[in-house]
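In what follows, a structure is listed as structure tokens, so that the remarks can point back to it.
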Amino acid sequence: MAVPDVRIRKEDFGYILAFATGEIGFYPDEVAPMLVAGTATRQSLEPYRLRRLPVQDRFHLSAPLIVWFEITRDCNLPCKHCYVEAGRPRRDELSTEEVFAVLDQLKAAGVFALVLVGGEPMSRPDFLPILHRAHDLGFVISIATNGTYLTQEIVDQLPREECIVSISVDGTSQHQELRLKSTFADIQERLLLLKRNDIPAALMCTQTDRNAGELHEVLTFAEDNGFFFGSTPFSPIGRGRFFPQYQPDLSTVDDATALYLRDKAHDTAMSETVGLCVTKFLDECHRIAQATRREFCGVAMAYVLSDGSVYPCSICASTGKFPAGNLRARSFAEVWADSFDEIRDYTFDSGTDCPSCELSREPYYCTSRCPVMGEVHTGDPTGCGATPFVKASLKRRTDLIANPVR
Amino acid sequence: MNAKVTPEPEMRITLTDEQRQALVKFISNTNRASLNVEVEFEAHVDQGAIAPVAVLVGNAY
């Protein structure tokens, strides 16, 4: 499918337009006639861009911007921090035809971006037909993989447009410490194979209490080779709950902050080399969350498991919280319309600790006001979902961005 | 790989036939129906979100 100039979705307030060049914005109904007449340019639409959105009770978009679609839980790696405890497939996973039907439903609902995730998605024998079906339907795609299945034969069949291969990398020596059956050297080779074939690739890292220094080396590798990069802290969920010792603590804040600032500069440069991608839709999710003062999970994002069950996000899917039904019983549009009420009732004002926390106010943007992580850390869904590391990191990063000379 | 994407803000936006048909339908529906929702407040979406610390769901680019 040729890349369209713009992707369009109707919302209560007007439209979401996602341009092939990577810009995403909210617009009123007035832009529709301009688009139909063929006179619209991005420049001519700019004055119409909405700066404010009406927010009502249980606010949500007409469909997710992004859906994470676990097409199997099967995986060849027993990673210590896997949030879905991948290894064996789930009981009664979706067949090829059922996966195709889900993709059709997501497309019909208006979903823009899709992350094919596992388990290891490439372990499915029908991975390539699924990928091609998703690409033909026009999704902006990211493949979240451990990279071990990547060969020249697979790479030859990957889409060349609007598809990024995101490979999990957790350090140099620490990569194997966490992933047991995978080495950084092997993954470097797979990444360079993608580079030689002009396939955009990303290195996605989990920060632990002991790999911050190594992640600097990984970022240098990404910078040197034009790979995207991202990192997120270890969470004690899924298999990770058995290895809480990997959770970053206050001693790693300095290293993690330095990594973040380097990553931010790298990301700014890399972002200009790609049109639409999952991360740009994720940025919009954050913009919506910050503006509407509620999580974006179940509001602008959903997570579909390989048995057809639907959750607001990966954390909910991992912990079994806020289940929203199963696509074997109801269509995705039906599930999205009325099965996320409970999570949509949570707002940034729901947290019991937030009123006395400086991180709940500007200029900070705290993403730990999550009922599931609140329950994980405090036993109370209205409790604080942040660890001391996360709090200190958020404060340090925000303060340094506001005042870089400090 | 990694060539800079040129935004070209003055380039005319071309719709697919499917998009055009959908928009025409939306336009006629919008003219007939008015939005009737109880608005709690207006969210300022033009403010940039600062990159957060903990987003497990963001582990794909």
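The values are calculated or read from the model by the stated rules, or taken from the named source; none is laboratory data. The shown structure was predicted, so the numbers you read here are calculated from the model rather than taken from an experiment. Cβ: placed from backbone, ideal geometry, glycine included. Neighbour counts: every protein chain shown. Keep in mind that these areas ignore ligands, DNA and RNA; they rest on the heavy atoms of the full protein, side chains included. Shrake-Rupley method; radii C 1.70, N 1.55, O 1.52, S 1.80 Å.
Report the far tail of the P(r) of the range A:46-167, meaning the percent of Cα-Cα pairs longer than 22 Å. Provide the component values of the computation, followed by the final result.
Details: 3085 of 7381 pairs.
That fraction is 42 percent.
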Please report, in whole Å³, the volume per residue of the convex hull around the C-alpha atoms of the range A:155-230.
82
In debye, nearest 20, what is the charge dipole magnitude of chain A about its Cα centre with +1 on Lys and Arg Cβ and -1 on Asp and Glu Cβ, if you could check?
380
Note: A:E46 to A:R328 extended length (0.36 nm per residue) minus current alpha-carbon separation gives 97.4 nm
Can you pull the mean other chain C-beta count within 10 Å for peptide B:8-18?
6
Inter-probe distance in nm under a simple model that places probes 7 Å from Cα toward Cβ, at A:L192 and B:T16:
3.9
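How much FRET efficiency would the formula 1/(1 + (r/R0)^6) give for A:R293 and A:D156, where r is the Cβ-Cβ distance and R0 is 41 Å, rounded to 0.05?
Numbers: r = 47 Å, r/R0 = 1.14.
The value I calculate is 0.30.
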Averaged over peptide A:282-290, how many Cβ atoms belonging to another chain are found within 10 Å of each residue's Cβ?
5
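Beyond 26 Å between alpha-carbons counts as too far, so tell me which of A:K264/A:K395; A:K10/A:K321; A:K264/A:K321; A:K181/A:K395 fall in that bin.
Values: A:K264/A:K395 16 Å; A:K10/A:K321 29 Å; A:K264/A:K321 32 Å; A:K181/A:K395 36 Å.
From A:K264/A:K395; A:K10/A:K321; A:K264/A:K321; A:K181/A:K395, over 26 Å: A:K10/A:K321; A:K264/A:K321; A:K181/A:K395.
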Amide H of A:E11: which non-local residues (sequence gap of 5 or more, or other chain) have their own amide H closer than 5 Å, using H built in the peptide plane?
A:I16
Report P(r) for the range A:1-94: all Cα-Cα distances, bin width 10 Å, range 0 to the bin holding the largest distance, values in whole percent.
12, 33, 19, 20, 14, 2
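Considering only protein heavy atoms and a 1.4 Å probe, what is the carbon-and-sulfur percentage of the accessible area of the protein assembly as shown? Present the calculation step by step, with values, prior to reporting the outcome.
Numbers: 9360 of 18790 Å².
That share works out to 50 percent.
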Please report, to two decimal places, log10 I(q)/I(0) for chain A at q = 0.06 Å⁻¹ as given by the Debye formula with identical point scatterers on the Cα atoms and no solvent.
-0.23
Helical mean residue ellipticity (222 nm; -39500 (n - 2.57) per DSSP H run of 4+; nearest 500) of the protein assembly as shown
-10500 deg cm²/dmol
